[in-house]
Amino acid sequence: MRAWFAAGATTAFTGRYVLLRVLLHRFTRDVAALNAGDHRPLLSAYRHDAVLRSGELDHRWSGVYVGRDAIEEFLRTFVASRLRGEIGAAYFGGPPWRMTTLVRFTTHVIAPNGTVRHRNRTILQVRTKWGRIVEQEDFYENTARAEAFDARLRQLGLDAIG
């Protein structure tokens, strides 16, 4: 009996570890595509009825985006703004059919001369069902940085990105 229990527990832990590695690999790959200007791989991770909440702030990324069409517009604006993202730590909790993920996500813009024009960190709280995003909420480390970056884009005449 103990051997069966040990084998079952080992299989469960191994399966969960593999699943988490696959999810992290996919997210890393999708963010790399986003950084290269292609938002479609990341968009495909969202369910058609997904909701993305990006704070109640005063910048172009703020708001509630309901459905993949609205989320696509958010991602297009992200790409057009020349923002780049980098995944920090990621934490997973819950079963695969109802998983919650927390991701430390750093955004930045680097000018052609190599100077950093913008840097901010965000915590992404993502709820998934069987690996598909159903809800995401973004928590900015410094909302003033996001607002200042958006104001700078507007000064440069980039009001209607997308």
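The values are calculated or read from the model by the stated rules, or taken from the named source; none is laboratory data. Everything numeric in this text was worked out from a predicted model, so none of it was measured. We place every Cβ from the backbone using ideal geometry, glycine too, and count neighbours over all the protein chains shown. Accessible surface areas use protein heavy atoms only, side chains included; no ligands, DNA or RNA. Shrake-Rupley method; radii C 1.70, N 1.55, O 1.52, S 1.80 Å.
Under the condition of being of a type in the set (A, V, I, L, M, F, W, C) and open to solvent by less than 50 Å² (accessible area, probe 1.4 Å), which residue from the range 8-26 is modelled with the lowest pLDDT? Taking the candidates together, the pick is Ala9.
Counting the residues of the range 41-75 that are in contact with a Lys or Arg (Cβ under 9 Å, 6 or more places away or on another chain) and touching a residue at least 60 places away in the same chain (Cβ under 8 Å) gives 6.
Against the definition (under 19 Å from Asp138 (Cβ atoms), more than 16 Å from the chain's Cα centre (by Cα) and surrounded by 14 or more Cβ atoms within 10 Å (Cβ to Cβ)), how does Val109 come out, yes or no?
Yes, satisfied.
Could you please give the count of residues in the range 76-104 that are touching a residue at least 60 places away in the same chain (Cβ under 8 Å) and open to solvent by 20 Å² or more (accessible area, probe 1.4 Å)? Residues flagged as touching a residue at least 60 places away in the same chain (Cβ under 8 Å) and open to solvent by 20 Å² or more (accessible area, probe 1.4 Å) within the range 76-104 amount to 6. One residue stands out in the range 43-83 among those that are touching an Asp or Glu at 6+ places or on another chain (Cβ under 9 Å) and part of a helix (DSSP H, G or I): the one that is farthest from Arg119 (Cα to Cα), namely Arg68.
Taken together, the criteria place Glu73 among residues that are more than 18 Å from Tyr140 (Cβ to Cβ) and not small (Gly, Ala, Ser).
Here Phe139 does not qualify as crowded, with 16+ Cβ neighbours inside 10 Å and within 13 Å of the chain's Cα centre (by Cα).
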